[in-house]
Amino acid sequence: MRSAGRIFELRVNGADCRVEVEPETPLLFVLRNDLSLNGPKFGCGLGECGACTVLVDGVAARACAYPVRLARGREIVTLEGLGTLEAPHPIQQAFIDAQAAQCGYCINGMVMTAKAFLDAKPRPSESEVREALRYNLCRCGTHVEIVQAVMLAAERGWRRDGAATE
Amino acid sequence: MSFLAPPSRRELLKRGGVIAVVSPRKGAPAGAAPEDGLDIHVCLTAEGRVLAFCGHVDLGTGIRTALAQIVAEELDFPFAAVEMVLGDTAQTPDQGATIASETIQVTSIPMRIAAVQIRRQLVALAAAALDCPEEEIAVADGVVSRRGEAASPLGLGPLLGNRRIMLPLAESAAFKPVEQHGLVGKPVARVDIPAKLTGRFTYVHDVRVPGMLHGRVVRPPYAGIDAGEFVGHSLAAVDRTSIAGIPGIRAVVVEGDFVGVVAEREEHAAAAAEALVVRWKEWPGLATDLGDAGNALRKHPATARKLVDEGDVEAALESLEKRLDRTYVWPYQMHGSIGPSCAVADVRADGVTVWTGSQNPFPLQADLALLTGMPAESIEVIRHEAAGCYGRNCADDVAADAVLLSRAVGAPVRVQLTREQEHLWEPKGAAQLVDIAGGLGPGGALAAYDFHTRYPSNAAPTLALLLTGRIPNRPATLKMGDRTAIPSYRYENMRITAYDMPPIIRASWLRGVSAMPNVFAHESYIDELAHEAGVDPVEFRLRHITDERAAELVKATAARAGWAPHVGPRMQADGEGILHGRGFAQARYVHGNWPGVGAAWAAWVADVAVNRATGEVTVSRVVVGQDTGMMVNPAGVQHQIHGNVLQSTSRVLREEVTFSETAAVAAREWGAYPVLTFPELPAIDVMLMERQHEPPLGAGESASVPSAAAIVNAVYDATGVRFRELPLTPERVLAGLNGRPALAPPSAPRRSSRLAFWSRLGGMAAAVATFVAVSLPLTPEIGPIARPDPATWSAATIEKGRQLAALGACAVCHTGKDGVPYAGGLALETPFGTIMTTNITPDPETGIGGWSYPAFERAMRAGIHRDGRHLYPAFPYPSFAKASEADLQALYAFLMSQPAVSRANEPSRLVFPFNLRPLMAGWNLLFNRGRELEPEAVRSAEWNRGRYLVDGLGHCGACHSPRNALGAEKGGRAYLAGGEAEGWEAPALTSASRTPIPWSEAELYAYLRSGHAARHGTASGPMAPVIEALKGLPDADIRAMAVYLASLNTALPEREAAAKADVILEVTASAAHLAASPAARLYEGACAVCHETGRIVPLANQGPALGLSSKLHAATPANLVNMLVQGGGHGAGQMPAFGQALDDRQIADLAAYLRGRFAPGQPEWRDVEKAIERARISQR
């Protein structure tokens, strides 16, 4: 059954917005096409690779397999909502400092998953970092730098609000 | 990196105040104006901007940064002043495709020369301005001054004035001595990374242009095949009406075998491409069985090309002291870009603009000219970065797709390929077969080497050209199997033969093109010879190596790793049954047309751990040495080496394209083509040789090349067993360790022996005859009334009715595909035919507006239409009969106060004899008790309320009780003991339930309220809308239903249930199940991300624990298979459909695997294929 388009009021990166779409529309398409957010990427549409990851009430969500109807009334944060080019979030800064991207297509998912992970576990071991990223795929083989980046972010002191403790 | 758009080539060629190094533009007419006829290599403006132009592109390797370093170094300008313009047909010179890691080694040379020329020109201008010798002019950090007079630099503005200085590109130049390098050779942070980390980078996927529409393509069934008579000629018909219900469709474009759709919104384009009914002619199927790649390549027609023939190989082979004949097989592999290819095209009358991620902007421009018939110069190809490709993926294909779709609609169109399309159609990295005959002469001499390599390549023509028939569908044979075909060792008699072959499947270059498989053979073989000669493998290599730089790299890498000389396999076991080993391999990647050009040298020392019991191989550490010559950005080189080590380890351990008879390529997502994951990372130690005085060499692929041999040599050291076929999956290794052939027998198609419910109905004729005898009473009509005024009822009554309608989930059945509530039109498939649900809105003509309450009550209790016709018990009136008078009144009030919708009912289509409605009267005599329920005094009021709801308007038994041969619900022990609904199994709600943890009141409550119970799973299929409808019911009623249903079950005490659940989760977790079969890997890649429990970081998409799920423990596979094929959701979650991503074989194997792993106590399912077929039909 194809449901008719409906108005959805969403809260994305701290701002309220309205979109008119069908309830089953993947949140990813709404973020990219209606809100022009380029951070989350289409990778598989099946929730397998993680390139589309966003935060929903602070929990990592695979936006390609997350219908917009579930996003109502929740706080959505994308890569753009963490920090900016001029003032990157500490985890973005850690990735920049560790040069943790080659093509960078998967990196949105790495950052967003790591953000949710560090919020829950601010002082992880390296093997815990690897475990947290188990279901995020990278094809360029940037894994080494990505793990370094997450460890770097943790070592610099992690606070849930995103401010470095140093 | 400046975010100001750089000025265009044309602007620079027309303005004053510039020094530009130029050369004639390829294909430009003689006497053309400069802006039409000249390419710029480097240009300096009076404002101090440095623009450098390169026809190659950055494939995510950081080449943009390294190129800017080179220009800044030779120009003596700051790194930040240099802006790189890459791979754009209107801006940059045509330097061919970005391949073979040659951008630094080859393509950067004109830019580097140009930078030297501009610096010299600046010096000359300054010397003239100051009237001094040029030797006295200094350029440093972008500042031009007279030596010793740093305080008064010469401004570029005054120096250049409005002059337009065009310098023809010189053939060579004196580059700055290495000793003076300030930028080149120093690690520099990549310019693109900050933008990539903050969502500010514009990948091709992010390009948006005004008025842009969204396109998707539908590919033919011969997935991944681009040669053969059927290619371009297989389309039979496209049913455009099949997507009539999808909004915003702008076009369906069909040309030859090219099919695409354009919509205003992306999700509608995606839905249309999936729903569009396209009929294809039968195609003959894959001619070659690729399940055995080695044999397939040996039988494939080939042309032998002798590359080397030194000495007398035939004679030497006859007189060897130790002869070794060996065969090595490399599988087809994927590039596996993380982002499926995407492009935007804008086709106008005057030209075309294409935004693409292609690595070949200029060849693509020529292809698009051929596709459109428009002149190449009217087609601008603008390159944006895309997901890394490591060779040729579908980037060019999708650009051509976008052009066809844009041309059809006259507007810009963005086309995004699906994951499945990228997997199926990307030109694969070719399989390869190498045979070596050779061996040792007296004294361990390398006496003979007869090397034969078979490589089925092709050019992978842009797909749209083939599908539309613009180019012939005949295969082309390329000569690409010869990369690094010559070994690094001095064999006394050597013959090297490459067998050039047409493609078997669509293939193109993938990182380490043909060199990686050739070196797998060379370096495995030399290891065997070392063992035969009784010499340490590193020492043996050094004795025979031909190249001094290679020898130095071998020594340095072995030293770095602490290589301990040894002979033969050491088979070192630790206390846990794990065998440890270490292997060596080295090579120089040689690319380009024979004899090719050498890129960097690389050497590996790999440490592995092999689990003797399971066959699992882990690469624990890699020491990799590389001689790159001069390194521009050592940090970039190190990064590339890391990437090569991890990607090639993945290829060696895990990767192999799988095939099916029906669709050629079978792997369509990451479960079927698994790649290395974070927990499997080896430790990597990179050693970079100090060679800054040597010319720079390509660094993008070399470190991949020795990987396979180093790993198999290490496995040999650990186990004493040699593997000559990849990948090293646990099952292949285990078979090898046990001395068995590695190929598992294909799983035989399973045939169902259990008959479905409705196929058992054959013996019903006798029962029906009885029926006819007893049952032909005619029921009188109850006359129509005027539609009652809703104001008749109180708001409280209507609200109560609304809750009862929710309980009865009336809307679930009485709402058609168009979603108008209660207007009917849903087709219910029953064993007796298709029943169309009716309009129950208060429309007097087509709905029930003319029904009085007595008519409504009679229908609800007795199953009789107002006009006297009998209704079919798909309408569960035997349940409704149990409802109270007051409740039926309220329900009537609610329905009568709904908006009237005029829509005529469609006739049901029932099979004989069920199409005889009067028969239902006899049915009613037999099965419909038609009475209100009497409360049971010994039970609580809540229990009685629950029973009333479950058995009455809730009509749970309509689905959850089995039915007899005449379609009536069974009672007694069969009551709520499990039934069927719309192709789904409605599980037992009683102690007949098969779930491992019995239902408790708390679980029932959670399930009915939220659609999810932690120890049972999630409502799906027809139950999902029921849960949705139940949201309208007060909590007390949900609780009462849970109380009643719980009384039909024997729950475990909570502590016992919790402990049992914990045990189940532990024994079914991935930690307890090695992924030692394709189905197990499918689970790990496709399912585990959402369904694996105990994860270290929560996921919003988390699905039910499969070990506790009712679907896995059900009697039939229907519910699991339906979920896999169709996906499904309810209030709290959503499972994506895998029907497009997995083929029937994969779903069947996965279902069997999941059943065995997650419901180990349950019998194997036997009717999986049938369930898959039904699930696919009902999805359509």
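B:GLY671 meets all of the listed conditions (1) closer than 25 Å to B:ALA431 by Cβ; (2) touching a strand residue (DSSP E or B) at 6+ places or on another chain (Cβ under 7 Å); (3) surrounded by 24 or more Cβ atoms within 10 Å (Cβ to Cβ) but one, namely (2).
Looking at B:ALA635, B:ALA559, which is the one that is free of Cβ contacts under 8 Å to residues at least 40 places away in the same chain, within 30 Å of B:HIS181 (Cα to Cα), surrounded by fewer than 24 Cβ atoms within 10 Å (Cβ to Cβ) and among the small types (Gly, Ala, Ser)? Before the answer, list the steps.
Working: B:ALA635 fails: free of Cβ contacts under 8 Å to residues at least 40 places away in the same chain.
Answer to the selection: B:ALA559.
Within the stretch A:91-107, the set of residues being buried (at least 22 other Cβ atoms within 10 Å of the Cβ) and more than 7 Å from chain B (Cβ to nearest Cβ) comprises A:ILE91, A:ALA94, A:ALA100.
Results for (1) closer than 20 Å to B:VAL715 by Cβ; (2) touching a residue at least 24 places away in the same chain (Cβ under 8 Å); (3) more than 37 Å from the chain's Cα centre (by Cα); (4) outside the structural domain of B:VAL705 (by TED's automatic domain parsing), shown as yes or no for each residue.
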| site | (1), (2), (3), (4) |
| --- | --- |
| B:ILE486 | no, yes, no, no |
| B:ARG506 | no, yes, no, no |
| B:LEU510 | no, yes, no, no |
| B:SER514 | no, yes, no, no |
| B:PHE520 | yes, yes, no, no |
| B:ILE526 | yes, yes, yes, no |
| B:ALA551 | no, no, yes, no |
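Tallying residues that are touching a residue at least 60 places away in the same chain (Cβ under 8 Å) and either assigned by TED's automatic domain parsing to the domain that holds B:ILE471 or assigned to a strand (DSSP E or B) (or both) within the stretch B:222-252 yields 2. In the stretch B:354-374, of all residues being β-branched (Val, Ile, Thr) and in contact (Cβ under 8 Å) with a residue 40 or more places away in the chain, the one that is nearest to B:ARG470 (Cα to Cα) corresponds to B:VAL354.
So which residues in the stretch A:50-63 are touching a helix residue (DSSP H, G or I) at 6+ places or on another chain (Cβ under 7 Å) and either facing chain B (nearest Cβ under 8 Å) or modelled with pLDDT under 95 (or both)? Don't jump to the end; show me each part of the working.
Step one: filter the stretch A:50-63 for residues touching a helix residue (DSSP H, G or I) at 6+ places or on another chain (Cβ under 7 Å), giving A:50-56, A:58-60, A:63.
Of everything in the stretch A:50-63, those that are touching a helix residue (DSSP H, G or I) at 6+ places or on another chain (Cβ under 7 Å) and either facing chain B (nearest Cβ under 8 Å) or modelled with pLDDT under 95 (or both) turn out to be A:GLY50, A:ALA51, A:VAL56, A:VAL59, A:ALA60.
Mind listing just one residue for me: the one in the stretch B:46-85 that is among the β-branched types (Val, Ile, Thr) and more than 14 Å from chain A (Cβ to nearest Cβ) and, of those, surrounded by the fewest Cβ atoms within 10 Å (Cβ to Cβ)? Please lay out each step first, then the result.
The initial filter retains those residues of the stretch B:46-85 that are among the β-branched types (Val, Ile, Thr), namely B:50, B:57, B:61, B:63, B:65, B:70-71, B:82, B:85.
Now narrow it down to the ones that are more than 14 Å from chain A (Cβ to nearest Cβ): B:50, B:70-71, B:82, B:85.
On the way: B:VAL50: 22, B:ILE70: 24, B:VAL71: 28, B:VAL82: 29, B:VAL85: 20.
Ranking the qualifying residues of the stretch B:46-85, first place goes to B:VAL85.
Residues in the stretch B:1080-1093 include at least one that is away from chain A (no Cβ under 14 Å), of a type outside the set (Asp, Glu) and either more than 30 Å from B:ARG732 (Cβ to Cβ) or buried (at least 20 other Cβ atoms within 10 Å of the Cβ) (or both).
Counted as qualifying within the stretch A:81-166 are the helices (runs of 4 or more DSSP H) with 2 or more residues that are among the charged types (D, E, K, R), namely A:107-120, A:126-132, A:143-155.
Would you check if B:VAL42 is surrounded by fewer than 20 Cβ atoms within 10 Å (Cβ to Cβ) and either modelled with pLDDT of 90 or more or among the hydrophobic types (A, V, I, L, M, F, W, C) (or both)? In short, no. The sole residue among B:MET687, B:MET630 that is touching a Gly at 6+ places or on another chain (Cβ under 8 Å), in a strand (DSSP E or B), outside the structural domain of B:LYS281 (by TED's automatic domain parsing) and surrounded by fewer than 22 Cβ atoms within 10 Å (Cβ to Cβ) is B:MET687. Among the residues of the stretch B:256-274, some residue qualifies, meaning at least one is within 29 Å of A:ASN33 (Cα to Cα), basic (Lys, Arg) and in contact with a Ser or Thr (Cβ under 9 Å, 6 or more places away or on another chain). The helices (runs of 4 or more DSSP H) located wholly in the stretch B:1074-1162 that include 2 or more residues which are more than 20 Å from B:GLU680 (Cβ to Cβ) and in contact (Cβ under 8 Å) with a residue 60 or more places away in the chain occupy B:1110-1113, B:1118-1126, B:1144-1158.
On the stretch given as the stretch B:122-135, residues that are touching a residue at least 12 places away in the same chain (Cβ under 8 Å), in contact with a strand residue (DSSP E or B) (Cβ under 6 Å, 6 or more places away or on another chain) and over 21 Å from B:GLY182 (Cβ atoms) total 1. Would you confirm whether or not the stretch A:24-34 contains a residue that is more than 18 Å from B:VAL209 (Cα to Cα) and more than 8 Å from chain B (Cβ to nearest Cβ)? Yes.
Pairing residues of the stretch B:660-672 that are within 12 Å of chain A (Cβ to nearest Cβ) and under 24 Å from A:TYR135 (Cβ atoms) with residues that are in a loop (DSSP other than H, G, I, E, B) and hydrophobic (A, V, I, L, M, F, W, C), at Cβ distances under 6 Å and at least 6 apart in sequence or on separate chains, gives B:ARG668/B:ALA1141; B:GLU669/A:LEU46; B:GLU669/B:ALA1141. Within the stretch B:168-211, the set of residues being within 17 Å of B:ARG119 (Cβ to Cβ) and of a type in the set (Phe, Trp, Tyr) comprises B:PHE175 only.
Within the stretch A:64-80, how many residues turn out to be assigned to a loop (DSSP other than H, G, I, E, B) and either under 10 Å from the mean Cα position of the chain (by Cα) or facing chain B (nearest Cβ under 7 Å) (or both)?
We begin by selecting, within the stretch A:64-80, every residue assigned to a loop (DSSP other than H, G, I, E, B); these are A:66, A:72-74, A:78.
Still in the running and either under 10 Å from the mean Cα position of the chain (by Cα) or facing chain B (nearest Cβ under 7 Å) (or both): A:66, A:78.
The total comes to 2.
Among the candidates A:GLU86, A:GLU126, the residue that is more than 7 Å from every other protein chain (Cβ to nearest Cβ) and farther than 25 Å from B:ASP58 by Cβ is uniquely A:GLU126.
Scanning the stretch B:685-694 for residues that are within 14 Å of another protein chain (Cβ to nearest Cβ), more than 30 Å from B:ALA1141 (Cβ to Cβ) and modelled with pLDDT of 95 or more turns up at least one hit. Listed by position, the strands (runs of 3 or more DSSP E) contained in the stretch B:317-395 that have at least 3 residues being outside the structural domain of B:PRO456 (by TED's automatic domain parsing) and in contact with a Ser or Thr (Cβ under 7 Å, 6 or more places away or on another chain) are B:342-348, B:379-383. One residue stands out in the stretch B:1099-1128 among those that are farther than 25 Å from A:ALA120 by Cα, surrounded by 22 or more Cβ atoms within 10 Å (Cβ to Cβ) and within 14 Å of another protein chain (Cβ to nearest Cβ): the one that is farthest from the chain's Cα centre (by Cα), namely B:MET1123. The test for being of a type in the set (Ser, Thr, Tyr) and assigned to a loop (DSSP other than H, G, I, E, B) does not hold for B:THR65. Restricted to the stretch B:1129-1145, and to residues there that are at the interface with another protein chain (Cβ under 8 Å from one of its Cβ atoms) and at pLDDT below 85, the residue that is surrounded by the fewest Cβ atoms within 10 Å (Cβ to Cβ) is B:ALA1132.
The values are calculated or read from the model by the stated rules, or taken from the named source; none is laboratory data. Please read all numbers here as calculations on a predicted model, not as lab measurements. Positions of Cβ are generated from backbone atoms using ideal geometry, with glycine treated the same way; all protein chains shown enter the neighbour counts.
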